[in-house]
Amino acid sequence: MKMKHKSVRLTLATFTAVIVSMLMLSAPASATSYGDCTLGNVCLYKDTGGGGGIKLYGGHEDQYTGNFLNCTWNPAVGCAVDNNASSVYNHGSSSNVMLYSSASYGGSNFSATRGWAYNLSAVGFNDVATSHKWY
Ligand SMILES: [Ca+2]
């Protein structure tokens, strides 16, 4: 009777271990957040709400190149920063940031106030940012 009780405990422990490992596997391996944007940077994110991948910029950028860091791959949109940002967090120390839809600060623009985060889809600027300037 005692042996049987012990084997049930082991089974439960094994079951719990399996569930825990399943939860760890299902968690996004490359989740990003607004918290990843260190002070002094403006951060662009591939998805809304600070998700999907991050790119930090401490200075002006006249043409986005390269890929988001910790990017969650999506074959439809890839991981390139240019024309792909869906949220922004201005964690600068003293300035606002103007995002532009074209290279070298051209096209339409959107101002990200210092200390604020925005879903760019909510302000008509989704997947179009190509350059930015602090001001
Ligand atoms: Ca996007």
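Here, each number is a calculation from the coordinates, and none is a lab measurement. Here the structure is a predicted model, which is why all the values come from computation and not from measurement. Cβ coordinates were reconstructed from backbone atoms using ideal geometry, including for glycine residues, and neighbour counts include every protein chain displayed.
Amide H contacts of Asn74 (H built 1.01 Å from N, in plane; Pro and chain starts excluded): no residue 5 or more places away or on another chain comes under 5 Å. As a proxy for reagent exposure, Asp47, Asp127 were ordered by neighbouring Cβ count within 10 angstrom, fewest first; the result is Asp127, Asp47.
Assigning unit charges at the beta carbon (Lys, Arg +1; Asp, Glu -1) and nothing else, what dipole magnitude in debye, to the nearest 20, does the stretch 34-134 show about its Cα centre? Intermediate results must be reported in sequence, preceding the final value.
Details: 4 positive and 6 negative charges, 32 e Å.
So the dipole magnitude of the stretch 34-134 works out to roughly 160 debye.
With the charge dipole of the stretch 34-134 set up from +1 on Lys and Arg Cβ and -1 on Asp and Glu Cβ about the Cα centre, the Cα lying farthest toward the positive end among the listed residues Asn41, Ser93, Leu120 is that of Ser93. When peptides 37-44, 116-123, 73-80, 102-109 are sorted by average Cβ neighbour count within 10 Å, with the highest value leading, the order is 37-44, 116-123, 102-109, 73-80.
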